[in-house]
Ligand SMILES: [Zn+2]
């Protein structure tokens, strides 16, 4: 089947010899769908990412694998790019039923353990960080938005923590798992150098800027990690991009260049905003435009406000770490000055 105009359209799409893209639905999310990739190997199939554990996503995956002549029981292993629900939760659910081997980057271990600890409220690390960024109001809005919603927890440890770089033989090819911290601390991409393919997860997405450090146990400088991981991938020979969200394209280098330029502009904008008499990440976020439509922070829903403030804080923290501005704390809130 040739590539559809809308990358979220259901089906099984051969994007390279023996590599099938399967878009799966997500619940009311701006990303619209998540691509998982099937690599058949005789009687078995290895999957890269698992999708969001939803009844419709499971039905879609079953139908897509059936087109290739497989059932869920034939899936021998999930190589997951990172701990986020849209990549990991369905793999966990399928493992419960079929005992499928589940692999995740070793750098995700602190987040998996923190996410399994149900002694505190959900998103407690993100909320603590929002308060530091001066955005207690966003915590209030998020708490109200989450009220009454079921807080099912999906995190469980995998069967193996991958210690990248590591080469994984799959269906006659070699996938190299490469650590690309930033989007999450333990994010991995899987690179098939011989076939010229990069299973990029959320590290590089076409025309979308991945969020930075939204995870149960974020690192101290997620944007610094992310930019370093972008440069690492940029230094490898160019390949086709097989992203978790969006169409397949010949655009690893082009996509990385766009993301580096985007963050350079946002770093400048964050530093420039401090000239307007503001000092917290929340206030700076309020002066910047959001999404490609340049929307005001106040017009975003609470979850996207959380991501926006988090991102602004990540930019300001990196500038502070680079000595380009100073950071001080007053009453538990971080203040940045040029
Ligand atoms: Zn993600």
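The values are calculated or read from the model by the stated rules, or taken from the named source; none is laboratory data. Nothing here was measured: the structure is a model prediction, and the numbers come from that model. Here the Cβ is made from the backbone with ideal geometry for all residues, glycine too, and neighbour counts use every protein chain on show.
Among residues of the range 212-227 that are farther than 18 Å from residue 113 by Cα, those with a Cβ under 7 angstrom from a residue that is assigned to a loop (DSSP other than H, G, I, E, B) and modelled with pLDDT under 95, sequence gap 6+ or separate chain, pair up as 222/212; 222/213; 223/212; 225/219; 226/212. When the test is whether a residue is more than 30 Å from residue 307 (Cα to Cα), more than 14 Å from the ligand (Cβ to nearest atom) and free of Cβ contacts under 8 Å to residues at least 12 places away in the same chain, residue 18 does not pass it.
Within the range 167-192, the set of residues being in contact with a strand residue (DSSP E or B) (Cβ under 7 Å, 6 or more places away or on another chain) and farther than 22 Å from residue 221 by Cα comprises 167, 168, 170, 171, 173, 174, 175, 176, 177, 190, 191, 192.
What number of residues within the range 268-286 are part of a helix (DSSP H, G or I) and buried (at least 17 other Cβ atoms within 10 Å of the Cβ)?
Taking the range 268-286 and keeping what is part of a helix (DSSP H, G or I), we get 268-276, 281-286.
Filter again for buried (at least 17 other Cβ atoms within 10 Å of the Cβ), leaving 270-271, 273-274, 281-286.
Residues in the range 268-286 being part of a helix (DSSP H, G or I) and buried (at least 17 other Cβ atoms within 10 Å of the Cβ): 10 in total.
Counting only residues that are away from the ligand (no atom under 16 Å from the Cβ) and under 17 Å from residue 202 (Cβ atoms), the range 241-253 holds 5 of them. The number of residues in the range 12-32 being touching a strand residue (DSSP E or B) at 6+ places or on another chain (Cβ under 8 Å) and modelled with pLDDT of 95 or more comes to 13.
Picking from residues in the range 112-131 that are surrounded by fewer than 15 Cβ atoms within 10 Å (Cβ to Cβ) and either in contact with a strand residue (DSSP E or B) (Cβ under 8 Å, 6 or more places away or on another chain) or farther than 22 Å from residue 284 by Cβ (or both), the one that is modelled with the highest pLDDT is 113.
Looking across the range 170-197, the residues that are in a strand (DSSP E or B) and either more than 16 Å from the ligand (Cβ to nearest atom) or modelled with pLDDT under 95 (or both) come down to 170, 173, 174, 175, 176, 177, 178, 191, 192, 197.
Could you tell me whether any residue of the range 253-267 is part of a loop (DSSP other than H, G, I, E, B), in contact with a helix residue (DSSP H, G or I) (Cβ under 7 Å, 6 or more places away or on another chain) and surrounded by fewer than 19 Cβ atoms within 10 Å (Cβ to Cβ)?
In the first step, residues of the range 253-267 are kept if they are part of a loop (DSSP other than H, G, I, E, B); the result is none.
Within the range 253-267 (the criterion being part of a loop (DSSP other than H, G, I, E, B), in contact with a helix residue (DSSP H, G or I) (Cβ under 7 Å, 6 or more places away or on another chain) and surrounded by fewer than 19 Cβ atoms within 10 Å (Cβ to Cβ)), the answer is no, since none of the residues qualifies.
Name the residue that is nearest to the ligand (Cβ to nearest atom), counting only residues in the range 198-209 that are surrounded by 21 or more Cβ atoms within 10 Å (Cβ to Cβ) and assigned to a loop (DSSP other than H, G, I, E, B). By that ranking, first place goes to 202.
Only helices (runs of 4 or more DSSP H) wholly contained in the range 48-151 count here; list those with 2 or more residues that are within 16 Å of the ligand (Cβ to nearest atom) and under 30 Å from residue 18 (Cα atoms). Working first, answer last.
On the way: elements: 55-67, 85-98, 109-116, 124-132, 136-146.
Per the criteria, 85-98.
Answer yes or no as to whether residue 245 is part of a loop (DSSP other than H, G, I, E, B) and at pLDDT 95 or above. Against the criterion (part of a loop (DSSP other than H, G, I, E, B) and at pLDDT 95 or above), residue 245 qualifies.
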